[in-house]
Amino acid sequence: MTAEAVQVIARARAARQTRSLVVTVVLAVVVFATFCVSLSLGDFKIPVIDVVKTLFGGGDHATEFIVNTLRLPRALTGLLVGTALGLSGAIFQSVARNPLASPDIIGVTYGASAFAVFAIVTLSLTGVAVSAFAIAGAVLTAFLMYVLAWRHGVSSYRLILIGIGIGAIATSITSYLLTKARVEIAQQALIWLTGSLNGRDWSNVRSLAITFVVLLPFMVFLVHQLRILQLGDETAYGLGLRVEVSRLGLIVIAVLLAAVATAAAGPIGFVAFVAPPIARRLTRSPGPAMIASGLLGALVVALSDLVAQHAFGDMQLPVGVVTGVVGAPYLMFLLARANRVGSGG
Amino acid sequence: MENVVEHSLAADGLAVGYDQREIIHDLSVRIPTGKITVIVGANACGKSTLLKTLARLLKPSRGTVLLDGKSIQQIPTREVATKLGLLPQSPTAPEGITVADLVGRGRYPRTRWIRQWSKSDDEAVAEAMTSTDVLSIADRPIDELSGGQRQRVWIAMALAQETDILLLDEPTTFLDLTHQFEVLDLLVDLNKSDDRTIVLVLHDLNQACRFGDHLIAMKDGDIVAEGNPSEVITEDVVQDVFGLAVKVVPDPVAGTPMVVPIGRHTSRTDRTDTAAAGSSSGNLAAAALAASAAANGVCRPTPE
């Protein structure tokens, strides 16, 4: 073996890392810019430069009140929810080796919705109690899905099919509850079901931030294993990975991320589904491209919320109405282009 | 390999099955160290099951697989992965992964998430890719490669694990003839250069005879015969294992046993007008083959 051979390997590795690093940095800048723009807009417009100053502690009292107290919790909730959904989708899609396996396609978020609607309609609950029900619903749905899909280990297609089945059941329950409810309450439940950031405060930010801090070490540890899991169960066993343990760990993390995001802002559709494939194509990463997926999730939610709040004059839409419209065309564009080049799938 | 102790692999009283169906009932075997062992047998005879059990992918219901004399199920799976590498029959690669990236993942059992990638990992990957001749395509995505190249890349990934024992499940199945020989020649190189113990499942008996030092013939989850090719591949054993009447003649190139199936339509008299019509044509064809082998002179494999 020669030194040149080692250099070829080192160079190939460096090239891969550089690409992801550049994409990640650019995405982070774009997310921050969108974040600042969303803080500057509203009934009282503040120049973006003043927003940045205020964020770093240099604004006057009036802007500080508007930016830090009125607008920041909502914007931060949006970023964190988007990040959580992006990460959750990336883990689910990689574990199942299938882009359909995002939490908003398989049953997880539908389960959360059914429970939340039950809390709103039947138990007349609001606020934190609804969130708690949503988390319980997501976790219970995921557990049911995992147990039903288990047969000497969990295979990808069984997980997806059973997930879609459970999702359908959960949707039926939701519809049943809605048709039985009084109109005003049904309307309230419907807004929750679309996914909205309106009126989010620091308590939402706090619960999301705590979830991230707690899950981060596990995520770093398990995502390292996800790269091996992607090579197929047999190869992964051969490389000394305890396949079922790490798959279960990854699913638990992905479910918790999706559950907490749904509890905070309702089932914002399409983010978990669309962010990871875009991230993978931008970074040209064969792996899950976790950081980029999280950033893209945050970007999709932030942009959608900008549009939902400000593009229609006085009418403010729930963010979930817009996410699909923002995310889907870009994914379709990427798929169409990749197919023309011949490397799509 | 720099290890002083050579690793040994054996099985004792194995019973393995899926669900309710038991495939292997009571099987004991010793894999000769530093040799190429080929497992042969008809479809569904349990040869892949045996290989997977040896690789601890399947847990036996009775009996044990012994790695260096210890039960493989008792050794941490990651430690096993530093001694024993596996190439499954149809491995899946994530879309768009490059050759160097894939081979690098073979280093997984030797890295910890704290101890990140180091120079020695680069060296192991470079060595694995040099010996499988895939260094020049390091940056290419796997999806763009030919079947033979792809199989060499997967072998490189298993080599990057730096294990003394390598198990391969039908590594030639989806390859054309040229690429089949390319892969098998590569395995012989790897066996010769590092005294690696290699175990593989093959369908082609002639290739098994040519490339295997040690053959294991299986039928209904049992070992029918094992030993060197000329002991194992006899007309009686092939008749027993595959239920097919054959002639075994010396391979005109390697001198190893060569299996010539007889079959029901051996001599297509409707087509071969040179064959003497009406005679017992099966024997005639076999005799002709044997004569041609004798005429060419049976070559012994040339020592390198």
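In region B:120-151, the qualifying residues are those that are touching a His at 6+ places or on another chain (Cβ under 9 Å) and either outside any helix (DSSP H, G or I) or buried (at least 20 other Cβ atoms within 10 Å of the Cβ) (or both), and the one that is farthest from the other protein chains (Cβ to nearest Cβ) is B:Ser146.
From the list A:Val245, A:Val223, the lone residue that is farther than 19 Å from B:Ala81 by Cα, within 13 Å of chain B (Cβ to nearest Cβ), of a type in the set (A, V, I, L, M, F, W, C) and open to solvent by 10 Å² or more (accessible area, probe 1.4 Å) is A:Val223.
Filtering region A:1-35 to residues that are among the aliphatic types (A, V, I, L, M), within 11 Å of chain B (Cβ to nearest Cβ) and part of a helix (DSSP H, G or I) leaves A:Ala3, A:Ala5, A:Val6, A:Val8, A:Ile9, A:Ala10, A:Ala12, A:Ala14, A:Ala15. When region A:253-302 is limited to residues that are outside any helix (DSSP H, G or I) and within 14 Å of chain B (Cβ to nearest Cβ), the one that is most open to solvent (accessible area, probe 1.4 Å) turns out to be A:Arg284. Among the residues examined, B:Lys70 does not qualify as open to solvent by 70 Å² or more (accessible area, probe 1.4 Å) and at the interface with chain A (Cβ under 8 Å from one of its Cβ atoms).
For (1) at pLDDT below 90; (2) outside the structural domain of B:Glu127 (by the TED database); (3) among the acidic types (Asp, Glu), each residue gets a yes or a no:
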residue	(1), (2), (3)
B:Thr64	no, yes, no
B:Asp68	no, yes, yes
B:Glu79	no, yes, yes
B:Ser90	yes, yes, no
B:Leu102	no, no, no
B:Thr111	yes, no, no
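Pairs linking a residue in region B:22-36 that is under 20 Å from B:Ile165 (Cβ atoms) to a residue that is among the charged types (D, E, K, R) and in a loop (DSSP other than H, G, I, E, B), with Cβ atoms under 6 Å and 6 or more positions apart or on different chains, are B:Thr33/B:Glu6; B:Gly34/B:Asp195; B:Lys35/B:Asp213; B:Ile36/B:Asp213.
I want to confirm something. Restricting to region A:226-237 and keeping residues that are in contact with a Pro (Cβ under 7 Å, 6 or more places away or on another chain) and within 8 Å of another protein chain (Cβ to nearest Cβ), which single residue is most open to solvent (accessible area, probe 1.4 Å)? Top of the filtered list is A:Glu234.
Can you spot a residue in region A:87-95 that is touching a residue at least 24 places away in the same chain (Cβ under 8 Å), out of contact with any Gly (no Cβ under 7 Å at 6 or more places or on another chain) and open to solvent by 20 Å² or more (accessible area, probe 1.4 Å)? Looking for residues that are touching a residue at least 24 places away in the same chain (Cβ under 8 Å), out of contact with any Gly (no Cβ under 7 Å at 6 or more places or on another chain) and open to solvent by 20 Å² or more (accessible area, probe 1.4 Å), one finds none in region A:87-95, hence no. Does B:Val199 satisfy the condition of being at pLDDT 90 or above and not assigned by the TED database to the domain that holds B:Arg110? So B:Val199 fits the description; yes.
The values are calculated or read from the model by the stated rules, or taken from the named source; none is laboratory data. Computed from a prediction, not measured in an experiment: that's the story for all the values here. Heads up, the Cβs are rebuilt from the backbone with ideal geometry, glycines too, and the neighbour counts pull from every protein chain shown. Heads up: the accessible areas ignore ligands, DNA and RNA and are worked out on the full protein's heavy atoms, side chains in. Shrake-Rupley method; radii C 1.70, N 1.55, O 1.52, S 1.80 Å.
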